[in-house]
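Chemist: Here it is: the structure, laid out below.
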Amino acid sequence: MQLDTIGANSGSKFLRSTMSSSSNLHPNRHFLQQGKVRPALLATVVLAVAAAGGGYWWYTQKQGASGDASSATAPKQGAGGPGARAGRNGRMGPGGPGGMSQAQPVSVGVVEQRDMRVLVSAIGTMNARATAVVRAKVSGELLKLHFKEGDEVKAGQLLAEIDPRSFAASLAQVQGSLARDQAQLKNAQLDLQRYKELQAQDSIARQQVDTQAALVRQLQGTVAADQGQVDAAKLQLSYTRITAPISGRLGLRQADLGNVVNPSDTNGLVTISQIRPIDAVFSIPEAHVGTLAQQLREGKLMPVELWDREQKQMLAKGQLNALDNTIDTTTGTVKAKASFDNAERKLFANQFVNVKLQLRQLDQALVVPANAVQNNFVYLVKPDNTVTQRKITVGVTDGDYVSVRGELEPGDKVVTDGIDRLREGAQVTVVDSEKVKKVDQAVQDAANQPRGMMRNLSPEQREKVAKMTPEERKEFFQKLRAERGGNGGNGGNAGPGPRGADARGDQPREAQGSPAKADAKPDAKPAVANEARPQAGAERGEGGEGRTERAEGRGDRPQLSPEQRAKLEAMSPEERRAFFQKLRAEREANGQTGTAAGGKGDSSGTGR
């Protein structure tokens, strides 16, 4: 109220000084003294009144900004003290810090006792149990592919075929050499047998028998070499049929039919990854190494869960298999490996996962919903539907629940949604969480609306807006702007409206009847009349309460230069007040003080 009085006095004094200046500067001021008012002089007086009202409006606009937000979004307050100062179109709030009279919608959760897992969270990467790159073992043209990308294959399954003709020819060649050498060996063996019989009869020399025996051994070596070449040729021929070395899942093929493949090809034909089962590798703090190692030695199962990137969906359950033998001194962690069946094939090699390793379990711990915890307290809903704070000590978190110790008992109800609108002793209404979210969204949307849109709604309209969806609210405000834009030419007399909404006017500046510029011609009587009408309507508008802050022409001040107006708009309320005081002092120093003809300007700026 003190700021309103200061602003009103500043506006009134500025009005008198402006009117005095206008009358002193006007060449026909003696006609006012004689009661002869000319149209040009009347226009000057109207402009002075508008300028004074505009100055006061600029002074109070910043002061009322905070009131706009509170009147648009804050709930009604009960008795106990004055409410927050209203904005430039609103009224003072009906209550103070005596307590909220309007019940706040909230959702609640129940305090329970349940088993809680002590978990260690980590970031992990999936590793295939085995990976093999399928390459050609011999060079040749790729003739056939017997697989589809992404298929599950078994070890030994045929995957591709290479042109075998050259290898078959080589095999036939070495087989021919083998047959020839085998025939020679057979003949040499028969000759050796005859030579031995003749030697027994002393028909031939022993040297001839020994020479034949050496020939037989030579041919036996030749046949053995030929047999090796045949086996090698058969092996090379078998390599033209490419089979899977391990069981697993195929990747994308790296070679097409018709290409010549070689054993030296880096990418090979395709890659096989064994992902059933599959392993996850992750790092855990060294503080848990002792506990984990002991449980592994004792053969205890240590459950491990894998979750997706957003930790919204659990991918698989497995168990810890092994710990690394070295701790990373840089990070203070040790690598661990867990295995998973992956029966549903949801896991892939090199996939990012969130890991939750269970260290132990707390039996029958006191738990509350996680979103009910506010640092070290929760809001407890009492039987009379009021809330009070209860201090707690937070323990471990498991999913949507947190273990706590403090001033709670099993079965107590704690607030989970709508906490930001509560304070000690507030009255609440228990609803489902979806309704609470709608109310929160309505408050957020109201804060995003232009100032005055929510403030100018009736209580019934506000309640209706709070129940709307975001799309419905958007359409509602667009329709409201369109309706007000259509009534822009009526100024403050367009109709009563909720709380003086039309008196204020959300129309464009041209539709509000801005005061005439400083260079307006004296004979522009219709323009002056039209510009004076919105000023009067603003003073009479419903909810306006006769305040000059309803004056239109918010940015146009005929007595100020464009540079001064731009500078004034950038000022804070205190700077604007100092600016007007300085301007008034300069006018008084120039002998331009006095009251304007036609009566004094009262605190409301009506110039009666």
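Chemist: Answer with yes or no whether K391 is part of a strand (DSSP E or B), under 26 Å from the mean Cα position of the chain (by Cα) and among the basic types (K, R).
Modeler: So K391 fails the test.
Chemist: Does the stretch 156-206 hold any residues that are of a type in the set (G, A, S) and not in a loop (DSSP other than H, G, I, E, B), and which are they?
Modeler: Matches in the stretch 156-206: A160, S166, A168, A169, S170, A172, G176, S177, A179, A183, A188, A200.
Chemist: Let me ask something else about it. With modelled with pLDDT under 95, in contact with a helix residue (DSSP H, G or I) (Cβ under 7 Å, 6 or more places away or on another chain) and more than 30 Å from L359 (Cα to Cα) as the only criterion, which of P105, P82, P97 stands out?
Modeler: Sole residue among the options that is modelled with pLDDT under 95, in contact with a helix residue (DSSP H, G or I) (Cβ under 7 Å, 6 or more places away or on another chain) and more than 30 Å from L359 (Cα to Cα): P105.
Chemist: Looking only at the stretch 213-222, decide whether some residue is surrounded by fewer than 18 Cβ atoms within 10 Å (Cβ to Cβ) and within 60 Å of the chain's Cα centre (by Cα).
Modeler: For the stretch 213-222, residues surrounded by fewer than 18 Cβ atoms within 10 Å (Cβ to Cβ) and within 60 Å of the chain's Cα centre (by Cα): absent.
Chemist: Any residue in the stretch 176-186 that is in the same structural domain as D231 (by TED's automatic domain parsing), on the phi < 0 side of the Ramachandran plot and touching a Lys or Arg at 6+ places or on another chain (Cβ under 9 Å)?
Modeler: no
Chemist: For the stretch 404-415, name all the residues that are modelled with pLDDT under 90 and either touching a Lys or Arg at 6+ places or on another chain (Cβ under 8 Å) or surrounded by 18 or more Cβ atoms within 10 Å (Cβ to Cβ) (or both).
Modeler: Scanning the stretch 404-415 gives G406, E407, L408.
Chemist: Go through the residues of the stretch 221-240 one by one and say whether even a single one is within 30 Å of L145 (Cβ to Cβ), among the acidic types (D, E) and in a helix (DSSP H, G or I).
Modeler: The answer is yes, given that some residue of the stretch 221-240 is within 30 Å of L145 (Cβ to Cβ), among the acidic types (D, E) and in a helix (DSSP H, G or I).
Chemist: Quick one: would you say E298 is within 33 Å of the chain's Cα centre (by Cα) and over 18 Å from R117 (Cβ atoms)?
Modeler: no
Chemist: Taking only the stretch 109-135 into account, find how many residues are out of contact with any Ser or Thr (no Cβ under 6 Å at 6 or more places or on another chain) and under 30 Å from L422 (Cα atoms).
Modeler: Residues flagged as out of contact with any Ser or Thr (no Cβ under 6 Å at 6 or more places or on another chain) and under 30 Å from L422 (Cα atoms) within the stretch 109-135 amount to 5.
Chemist: Quick check on the stretch 390-402. Is at least one of its residues of a type in the set (S, T, N, Q) and closer than 30 Å to L292 by Cβ?
Modeler: Yes, the stretch 390-402 contains at least one residue that is of a type in the set (S, T, N, Q) and closer than 30 Å to L292 by Cβ.
Chemist: Something else about it: Taking strands (runs of 3 or more DSSP E) that fall entirely within the stretch 265-331, which contain at least 3 residues that are surrounded by fewer than 14 Cβ atoms within 10 Å (Cβ to Cβ)?
Modeler: The strands (runs of 3 or more DSSP E) meeting that bar are 314-328.
Chemist: Could you check the stretch 333-351 and list, in sequence order, the residues that are in a strand (DSSP E or B), touching a Gly at 6+ places or on another chain (Cβ under 8 Å) and surrounded by fewer than 19 Cβ atoms within 10 Å (Cβ to Cβ)?
Modeler: Once the filter is applied, which keeps residues that are in a strand (DSSP E or B), touching a Gly at 6+ places or on another chain (Cβ under 8 Å) and surrounded by fewer than 19 Cβ atoms within 10 Å (Cβ to Cβ), the stretch 333-351 yields only S339.
Chemist: So, A370, is that one touching a Leu at 6+ places or on another chain (Cβ under 8 Å), in contact (Cβ under 8 Å) with a residue 12 or more places away in the chain and surrounded by fewer than 16 Cβ atoms within 10 Å (Cβ to Cβ) or not?
Modeler: Considered against the rule, which asks whether it is touching a Leu at 6+ places or on another chain (Cβ under 8 Å), in contact (Cβ under 8 Å) with a residue 12 or more places away in the chain and surrounded by fewer than 16 Cβ atoms within 10 Å (Cβ to Cβ), A370 comes out as no.
To keep it simple, each residue is scored yes or no on (1) touching a helix residue (DSSP H, G or I) at 6+ places or on another chain (Cβ under 9 Å); (2) under 30 Å from V260 (Cβ atoms); (3) not hydrophobic (A, V, I, L, M, F, W, C).
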{"site": "Q157", "(1), (2), (3)": "no, yes, yes"}
{"site": "E161", "(1), (2), (3)": "no, yes, yes"}
{"site": "A172", "(1), (2), (3)": "yes, yes, no"}
{"site": "D181", "(1), (2), (3)": "yes, no, yes"}
{"site": "I204", "(1), (2), (3)": "yes, no, no"}
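Chemist: Kindly indicate whether any position in the stretch 192-211 is more than 30 Å from N267 (Cα to Cα) and at pLDDT 95 or above.
Modeler: No, because not a single residue in the stretch 192-211 is more than 30 Å from N267 (Cα to Cα) and at pLDDT 95 or above.
Chemist: Restricting attention to the stretch 578-599, and to residues there that are within 20 Å of L560 (Cβ to Cβ), exposed (fewer than 12 other Cβ atoms within 10 Å of the Cβ) and more than 60 Å from the chain's Cα centre (by Cα), which single residue is modelled with the lowest pLDDT?
Modeler: Step by step, filter the stretch 578-599, then rank; the result is N590.
Chemist: Also, quick follow-up: How many residues are modelled with pLDDT of 70 or more, polar (S, T, N, Q) and more than 23 Å from G418 (Cβ to Cβ) if we restrict to the stretch 457-487?
Modeler: Selection size over the stretch 457-487: 2.
The values are calculated or read from the model by the stated rules, or taken from the named source; none is laboratory data. The structure presented is a predicted model; accordingly, all values stated were derived computationally and were not measured. Neighbour counts run over all protein chains shown; Cβ positions are idealised from the backbone, glycine included.
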